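Participant: I'd like to ask some things about the structure below.
The values are calculated or read from the model by the stated rules, or taken from the named source; none is laboratory data. No experiment lies behind these values; they were computed from the predicted model shown. A quick note on method: Cβ atoms are made from the backbone with ideal geometry, for glycine too, and the neighbour counts reach across all protein chains shown. With ligands, DNA and RNA removed, areas are computed over all heavy atoms of the protein, side chains included. Shrake-Rupley method; radii C 1.70, N 1.55, O 1.52, S 1.80 Å.
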Amino acid sequence: MNFLHRYTKFVVAGALTLTAISCQDFLTVLPTDRITEEDYWKTKTDVDNVRAAAYKKFTEAGITNRIMFWGELRSDNVTINNYSKTEVLYLQQANLQPTEGMFAWSDFYTGINYCNKVMEKGAAMAESEVDPSFRESELRPYQAEMSALRGLYYFYLVRAFRNVPYVTSSINTDAEAWQYGPVPKTSGEVILGDQIAQIEKYKDYAAINYGVSSENKGRFTKMSINALLADMYLWRGCMLLNHADKERRESVSKQINLTDIPVVTNGDTTGYTLADGTAIDTAYTNAQARICFQKAIDYSTVAMSMLREQYHLYLRETTSELAKQPYPLLQHRVSNFGTYDLVYNTIFGGKNSTESIFELQFDGSNNINRAPSSYFSEYKGSLSALAVSAAPLLYGNAKSVDPVAGFGKTDFRLWETLNYKENQVMPFSKGIVEGINVANYKDVLEGATGSFRYTDNLSSNFPVYRLSDMMLIQAEAIARLNPKASGEALRTGFNLVNLLYARNNPGLHPSGLDEASRTKFGFNLYDANETELISDRLNVNYCLASGNKSKTALTATDLLQLVYRERQREFVMEGKRWFDLVRQGEASYNALSGVDEIFRSYIAVSSTVRNRLRNLNSLYCPINSSELKVNKYLEQNPVWKVNE
């Protein structure tokens, strides 16, 4: 038996308790404490109902609110607006409290349990032929879908806590949970490695088209599975970098080796080896990391190619010059008389756009997107900030062109993200505003108008992956694959970042490019004499030409920093910023400087916060106190023990 599974087979007692699951929560699935499993799993419909329950769980506030709490509210995107919300205040001050309910993870394990049920019970049904219409060929697409959804559940847990209990078998009743007892944590890089293997095992059986847009974008398909794998590989690669330098408390030598071969000790102090004698050292884990980065490039390429193919099918029914683009990016339709924000209005105002890969589905009635109104903003006749508002970093350069950080005056995302009013609190508007018109594409600050969704029935979808994710994941993987690269070797990476930036800044005129080049790469052409709006950073040739006397060739480090700036602008209010910083902390960690690199180059925080975030563990969340009480094998994140 796989060593990993030998001690992680069963659920954490108390974490996956099923008595609280109602018929409504489980859709048509009957509570297993009242109806036996044998009476339920009889038809393909039963399998489909539990599959739907696994997705439905992901749309509940217990999941989406926590994604925003863990991935957004700790970040430099926000500033405190209401100091009475102490849980957010402590989060921003890096004084995390294990007693805070937002650190509970039981909802994620409930979703994982649904996925495990479909995998196990579906396989048993196909083997027993209890439903003649449900054979192995019908089972395979479910296995592909549920392995990916389970992987996404675990992916969020790993990004938030790093090391968590790992469960790959379903629990049917509370009695079973107590019978098998609690389990210890498994290291995050091991969980990601095993989940990647499970997803890859079934991915080729995934559906390409469910026939309905909301299902094509709201359920895992071949395209979205490739997107998930790209992201997971990028993360795992960063976790493996310099692994031997990281804290030995959860080192790979105390867990399981990285290729799923039983760990063999060599009997002395030199550490652990693979079965063939290969040392699990920094050289080994860094080589494994490079494999992961290449995989991230490969899978993101496949996802973008599939999205582009779908886009071209769509363009056959329309007339558009956008078919010439290397990537199917929507473009703003600009005018001196007011610009309809086609990009935002299609991706966020509408749903399931041509750039969408996977997004959680909400209709504002049967399920409401409560993530924006949990701590950020609400609209009830007027837009107002709640616990937090937009941080000055986002709008501090709003009167500039081409800012290093935050939004410049030509960046449409300024108005797409926040309700800009000079010298006032800036409430977030992304996901709440439904449609935007910008007064002047050359100076977004001249104002914009928008229509809003009421908070009580917020129906905006929650984006997980879209085209811009794949572009920036690939650009980051290119930078990490060869950290000593410069110049021409990085062309694709710089192109990906700059195309996205150019799309969102249609007023900028890229210097040094002729009209044919600008058309090819999707740049919009306006007044070439508008010298204030000329942007050197959009000229990839200029940035990469080492022979240019006025500028040396940019390096992989430059590309990486550019990627992170662009990610911050692009993904505000999507629960990703803090996770990005954690990933960079993993990648840059070394025994001498710890995680200081993220503070030097990626985020600006107070000295108090910086002093509290001294090592890798401090970037992760504490385990909720209630989980520690029911699982004797769990150990608190050592950084947060003082707050128990």
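Participant: For residues that are part of a helix (DSSP H, G or I), of a type outside the set (F, W, Y) and either open to solvent by less than 10 Å² (accessible area, probe 1.4 Å) or in contact (Cβ under 8 Å) with a residue 12 or more places away in the chain (or both), tally how many sit in the stretch 630-644.
Facilitator: 4
Participant: OK, next. If we scan the stretch 206-214, do we find a residue that is under 23 Å from E120 (Cβ atoms) and either modelled with pLDDT under 95 or not in a loop (DSSP other than H, G, I, E, B) (or both)?
Facilitator: no
Participant: With the requirement that a residue be in a loop (DSSP other than H, G, I, E, B) and either buried (at least 22 other Cβ atoms within 10 Å of the Cβ) or without any contact (Cβ under 8 Å) to a residue 24 or more places away in the chain (or both), what does the stretch 362-384 give you?
Facilitator: F362, N366, N369, F376, G381, S382
Participant: Identify all residues within the stretch 402-447 that are among the hydrophobic types (A, V, I, L, M, F, W, C), open to solvent by 10 Å² or more (accessible area, probe 1.4 Å) and either within 14 Å of P392 (Cβ to Cβ) or in contact (Cβ under 8 Å) with a residue 60 or more places away in the chain (or both); write none if there are none.
Facilitator: The answer is V404, A405, W415, V425, A439.
Participant: Continuing with the same structure: Give just the number: which of (1) assigned to a loop (DSSP other than H, G, I, E, B); (2) at pLDDT 90 or above; (3) among the small types (G, A, S) does S335 not satisfy?
Facilitator: The failed condition is (2).
Participant: Against the conditions (1) open to solvent by 50 Å² or more (accessible area, probe 1.4 Å); (2) within 17 Å of Q97 (Cα to Cα); (3) among the small types (G, A, S), where does S618 fall short? Just the number, please.
Facilitator: (1)
Participant: For the stretch 110-144, which residues satisfy the criterion of being open to solvent by less than 20 Å² (accessible area, probe 1.4 Å), in contact (Cβ under 8 Å) with a residue 24 or more places away in the chain and of a type in the set (G, A, S)?
Facilitator: Within the stretch 110-144, G111, G122, A144 meet the criteria.
Participant: Could you please find all residues in the stretch 426-465 being among the hydroxyl-bearing types (S, T, Y), assigned to a loop (DSSP other than H, G, I, E, B) and within 24 Å of the chain's Cα centre (by Cα)?
Facilitator: S429, S459, S460
Participant: Select the helices (runs of 4 or more DSSP H) contained entirely in the stretch 466-524, then report the ones holding at least 2 residues which are modelled with pLDDT under 95 and surrounded by fewer than 24 Cβ atoms within 10 Å (Cβ to Cβ).
Facilitator: Answer list for the stretch 466-524: 491-504, 515-520.
Participant: Which condition number does L581 fail, the rest of (1) aliphatic (A, V, I, L, M); (2) in a helix (DSSP H, G or I); (3) open to solvent by 50 Å² or more (accessible area, probe 1.4 Å) being met?
Facilitator: Of the numbered conditions (1) aliphatic (A, V, I, L, M); (2) in a helix (DSSP H, G or I); (3) open to solvent by 50 Å² or more (accessible area, probe 1.4 Å), the odd one out for L581 is (3).
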